[in-house]
1. Being within 11 Å of the ligand (Cβ to nearest atom), charged (D, E, K, R) and either within 15 Å of the chain's Cα centre (by Cα) or not in a loop (DSSP other than H, G, I, E, B) (or both) is the filter here, so list the residues in the stretch 1-45 that pass it.
2. Which of the residues spanning the stretch 51-87 are in a loop (DSSP other than H, G, I, E, B) and free of Cβ contacts under 8 Å to residues at least 24 places away in the same chain?
3. Looking at ASP283, ASP310, ASP290, ASP240, can you tell me which residue is within 16 Å of the ligand (Cβ to nearest atom), among the charged types (D, E, K, R) and farther than 30 Å from GLY127 by Cα?
4. So, in the stretch 158-195, how many residues would count as being at pLDDT below 95 and not small (Gly, Ala, Ser)?
5. Among the listed residues GLY186, GLY161, GLY193, identify the single one that is of a type in the set (Gly, Ala, Ser) and at positive phi.
6. Any chance the stretch 110-133 includes a residue that's surrounded by 14 or more Cβ atoms within 10 Å (Cβ to Cβ), in contact with an Asp or Glu (Cβ under 7 Å, 6 or more places away or on another chain) and either assigned to a loop (DSSP other than H, G, I, E, B) or of a type outside the set (S, T, N, Q) (or both)?
7. Could you list, in sequence order, the residues of the stretch 157-182 that are closer than 24 Å to ALA274 by Cβ and within 15 Å of the ligand (Cβ to nearest atom)?
Amino acid sequence: MRITASAPGKLLLLGDHAVVYDRPCLVTAVDIRYTVSIETRQDTLLTISTPQMRDKGQLYSRSLEDLAAPFPQETAFVEAAVARIFAQFGGGAGLEIVTDGPQISYGLGSSSAVTVATAAALTRLLGHDLKPRQLFDLCYRAVLDVQGTGSGFDVAAAVYGGTLYFVSGGQVIEPLSQFDLPLIIGYSGEKVGTVNLVRSVADLFERYPNLVDPLFNLSQRVVEKGRIALLNSDWAQFGDYMNIHQGILESLGVNTERLSRLIYAARDAGASGAKLSGAGGGDCMFALVDQHAEESVKAALIRAGGQIVDYALHAQGVYFIQD
Ligand code: PMV
């Protein structure tokens, strides 16, 4: 029997970095989807095939008997999910795992989506039907096994989908109602490891706790206000909150010149709000636009060196695909 699960990526709307420090954030699931198919093998091997490996005609294979961290970078999130599931539910039969999804992830949550799709498919293959909360807890631990840090907001987006009000580690996971977020996502073309940026903010916090802690408190207030603006579809206010939050991220030292260029280009072309999304240092920014400004903002982002990332938001959380 082969089980296939599909999970979405994410866009962090407000609360970036502060969410690592017990503050809330707002995140929406992005319909950039990653699928994981799993079937059992007759031996005790774990084989993994990713799109990158298939391009090179390669197949990854290891014995399941010594499955433990640290895992190779290319297969780390899949292996961490398998290891967590075997530890929790038992298992050990060989597995053939095939992952699929866009080769460029834009920093929009490929790791968390692959972790969640792997865990959903494997637990079902082993005969367990996990509740979203159980799936979140398991996957969050698997991600921590690989990264050692992170709030879990991306895992929650992959599991629950939609748009969430989320507090570090899943202390609160509150789905917010459906609305049409008028956002345009721009990719900066730069990539920097999330973990390094989380460390750089930790370092700043350690050196200047009395300055950085109030920034996290301010982030919390912006998120609380942003949540209400979202629920009221008050986009003008939400745009202001995005701009204020961008100032916080600038203060935390995670903005870049390239991201700034895209953010100012979007604002100058009529976006009512623009900010980076996630750890910073590169990856994506997004802009809030009225319908009439959509084309001019897209053109301005491209002129400023960005790439438009066109995926639907408020996407469905993990689901199974029939073969
Ligand atoms: O870089 P991303 O998209 O993985 O986002 C990281 C967001 C942080 O708040 C910096 C870290 C976290 O896990 O919440």
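The values are calculated or read from the model by the stated rules, or taken from the named source; none is laboratory data. Note that the coordinates shown come from a computational prediction; the quantities given were computed from them, not determined experimentally. Heads up, the Cβs are rebuilt from the backbone with ideal geometry, glycines too, and the neighbour counts pull from every protein chain shown.
1. LYS10, ASP16
2. LYS56, GLY57, GLN58, LEU59, LEU67, ALA68, PRO70, PRO72
3. ASP283
4. Qualifying residue count, the stretch 158-195: 10.
5. GLY161
6. The answer is no, given that none of the residues of the stretch 110-133 is surrounded by 14 or more Cβ atoms within 10 Å (Cβ to Cβ), in contact with an Asp or Glu (Cβ under 7 Å, 6 or more places away or on another chain) and either assigned to a loop (DSSP other than H, G, I, E, B) or of a type outside the set (S, T, N, Q) (or both).
7. Across the stretch 157-182, the qualifying residues are ALA157, LEU164, TYR165, PHE166.
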